[in-house]
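A short reminder: the numbers here are calculations on the coordinates, not readings from a lab. Note that this is a predicted model, so its numbers are computed, not measured. Here the Cβ positions follow ideal geometry from the backbone for every residue, glycine too, while neighbour counts run over all protein chains shown.
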Amino acid sequence: MAHHDEEIKERIRELRDYYTSLVIHGLVVVVCFLIWLTTGGAFWPLWVLISLGTVSVIKGIRLGLFPQLSEYFPFLSKEWEDEQYKAAVDESKEKKSKKSE
């Protein structure tokens with residue numbers, strides 16, 4: 001039961017970190033936009049927005065917040081990582097047992 005509680009706490013920490021990074025990304029984009037407004041020129045904050053938006057979406061997929069996208073990018077999910085680890089461990093055990101026979 002304690003292991004399950006730790007998983008829940010870790011999930012909540014990950015979500016808190018994600019939402020905190022969203023707020024920070026939003027502030028960075030607003031500051032960049034304000035700098036652009038005062039200096040003019042080409043709309044360079046778009047590159048900041050695209051970059052931080054991409055990072056946010058990938059983190060969100062990894063946390064399972066976009067289940068529709070998780071279907072297309074299963075390797076970004078925690079479950080996929082756990083499945084791959086389990087498969088690798090099982091394969092390693094099979095190789096060891098075949099060598100000892």
* When only Cα pairs under 8 Å and 6 or more residues apart are kept, what is the percent relative contact order across the chain? -> 18
* To do: Divide by every residue of the chain the summed helix terms, -39500 (n - 2.57) for each DSSP H run of at least 4, and state the resulting mean residue ellipticity at 222 nm, rounded to the nearest 500 deg cm²/dmol.
  => -29000 deg cm²/dmol
* Taking the Cβ-Cβ separation of LEU34 and GLN68 as r and a Förster radius of 41 Å, what is the calculated FRET efficiency to the nearest 0.05? -> 0.75
* Straight-line reach from LYS86: which lysines have a Cα under 18 Å away, not including same-chain ones fewer than 8 places off? -> LYS78, LYS95, LYS96
* To do: Read through the labelled values (i) 33, 26, 24; (ii) 64, 35, 25; (iii) 74, 32, 24 and report the label of the one computed as Cα extents along the principal axes in Å from the structure.
  => (iii)
* To do: Calculate the dipole size of the chain relative to its Cα centre from +1 charges on Lys and Arg beta carbons and -1 charges on Asp and Glu beta carbons; express the result in debye to the nearest 20.
  => 240
* Asked: Given the options THR54, THR39, THR20, which has the most mean-square fluctuation in a GNM of the chain, springs set between C-alpha atoms less than 10 angstrom apart?
  -> THR39
* To do: Considering the options PHE66, SER92, PHE43, tell which one lies farthest towards the positive end of the dipole of the chain, charges being +1 on Lys and Arg and -1 on Asp and Glu at the Cβ, about the Cα centre.
  => PHE43
* Go ahead and set up a Gaussian network model of the chain, Cα springs under 10 Å, then flag whichever of LEU27, LEU15, LEU49 fluctuates most. => LEU27
* Quick one, could you list the DSSP H helices from the chain stretching 30 Å or more along their long axis (Cα atoms) with average Kyte-Doolittle hydropathy of -0.5 or above? => 2-39
* **Most positive-pole-ward Cα, THR54, PHE75, TYR18, against dipole of the chain from beta carbon charges** => THR54
